[in-house]
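To start, the structure under review is shown below, and the notes come after it.
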Amino acid sequence: MTAVDRPRRSMLYMPGSNARALEKGRSLSCDGIIFDLEDAVAVDAKETARTQIAAALAAGGYGDRELLVRANGLDSDWGAADLAAIASMPAHGVLMPKVETPETVQAVDRHLSDAGAPDGQTIWCMMETPRGILRAAEIAAASRRVAGFILGTNDLALDLRCRQTPDRLPFMTSFGLCILAARAHGIAVIDAVYTDLDDMDGFAESCRQGRDLGFDGKSLIHPKTIDIANALYGPSPDEVAWARKLVAAYRAGQAEGKAVIVVDGQMIEDLHVREAERLLAMADSVSAS
């Protein structure tokens with residue numbers, strides 16, 4: 001399981017100013033936690049939130065979850081200080097809001113490096129403006145630290161002047177451009193939050209649609225949505241069984257020198273095996289967590 005392929009079915013935003021939430025995060029079944037210093041934190045609580053996140057991460061106890069910290073933008077009063085602090089935290093990466101240019105990514109990289117961040121600390125980009133979406137491929141390639149995109153449809157909808165319809169058709173071009181850029185450059189891409197916490201059927205449908213489109217997982221705003229996201233973005237028992245059957249048949253066929261391998265009437269090629277092996281690696285990782 002590579003860093004690119006690790007499970008990211010459920011990536012939960014957690015306000016850095018909420019000490020109780022930071023503690024609860026240690027026991028949640030999400031694949032990742034995004035400790036938030038930006039939208040979820042009031043102006044007068046920014047520094048307190050930064051200190052609390054640093055203390056929580058230093059204390060540990062978050063297991064194998066991927067740990068990101070969403071910083072304030074570099075054009076804000078807190079962005080530079082956020083990056084300097086995150087560089088010394090045991091966080092896997094930093095999530096930057098409203099990334100619109102590769103130059104922004106490179107500036108973040110310089111801030112992290114100058115502050116002594118380890119080489120493995122990554123940069124994630126919120127893709128939530130038209131300018132950012134249109135430069136998705138350049139942003140993905142802007143730094144070796146870039147590890148993923150997270151879509152933000154609330155801000156994007158405002159800029160697009162579109163309606164947030166249940167089928168999310170107004171966002172399909174934006175989704176497609178980000179997914180294409182992510183896959184072309186070998187990084188992860190996470191779907192936007194679903195804000196109606198009283199509509200779990202709608203949330204589930206959003207997860208199904210996102211997975212069908214090619215997203216790696218869902219960003220979340222409440223723990224009650226974790227299990228649904230995990231179930232719908234994770235490999236199902238039927239998918240795992242098929243993948244095991246496919247890989248076994250392919251290896252047996254190769255050992256026998258067969259040029260063409262057919263499983264249940266389907267011709268199997270190396271590309272099918274690679275995807276099956278990726279799915280099995282994810283299933284094993286999920287089972288072990």
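Any read-out appearing in this document is the output of simple, stated calculations on the displayed coordinates, not a laboratory observation. Given the structure is predicted, the values throughout are model-derived calculations rather than measurements. Cβ coordinates were reconstructed from backbone atoms using ideal geometry, including for glycine residues, and neighbour counts include every protein chain displayed.
The set of residues from segment 173-205 being farther than 17 Å from Ser10 by Cα and aromatic (Phe, Trp, Tyr) comprises just one member, Phe175. With respect to the conditions (1) of a type outside the set (S, T, N, Q); (2) touching a Leu at 6+ places or on another chain (Cβ under 9 Å); (3) in contact (Cβ under 8 Å) with a residue 24 or more places away in the chain; (4) not in a loop (DSSP other than H, G, I, E, B), Ala55 falls short on a single one, namely (3).
Restrict the check to segment 93-114 and report whether at least one residue is within 29 Å of Ile226 (Cβ to Cβ) and polar (S, T, N, Q). Among the residues of segment 93-114, not one is within 29 Å of Ile226 (Cβ to Cβ) and polar (S, T, N, Q), which makes the answer no. Taken over segment 71-104, the residue count meeting the criterion of being crowded, with 20+ Cβ neighbours inside 10 Å, in contact with a helix residue (DSSP H, G or I) (Cβ under 9 Å, 6 or more places away or on another chain) and not in a helix (DSSP H, G or I) is 10.
Taking the stated definitions as given, is Ala107 of a type outside the set (S, T, N, Q), touching a helix residue (DSSP H, G or I) at 6+ places or on another chain (Cβ under 8 Å) and either without any contact (Cβ under 8 Å) to a residue 40 or more places away in the chain or not in a helix (DSSP H, G or I) (or both)? Answer is no for this residue. For segment 222-259, a residue qualifies if it is among the aliphatic types (A, V, I, L, M) and closer than 18 Å to Glu275 by Cα, and the qualifying residues are Leu232, Val240, Ala241, Ala243, Leu246, Val247, Ala248, Ala249, Ala252. Might you check whether a residue that is under 24 Å from Thr153 (Cβ atoms), within 19 Å of the chain's Cα centre (by Cα) and of a type in the set (Ser, Thr, Tyr) occurs anywhere in segment 11-33? Yes: segment 11-33 contains one or more residues that are under 24 Å from Thr153 (Cβ atoms), within 19 Å of the chain's Cα centre (by Cα) and of a type in the set (Ser, Thr, Tyr).
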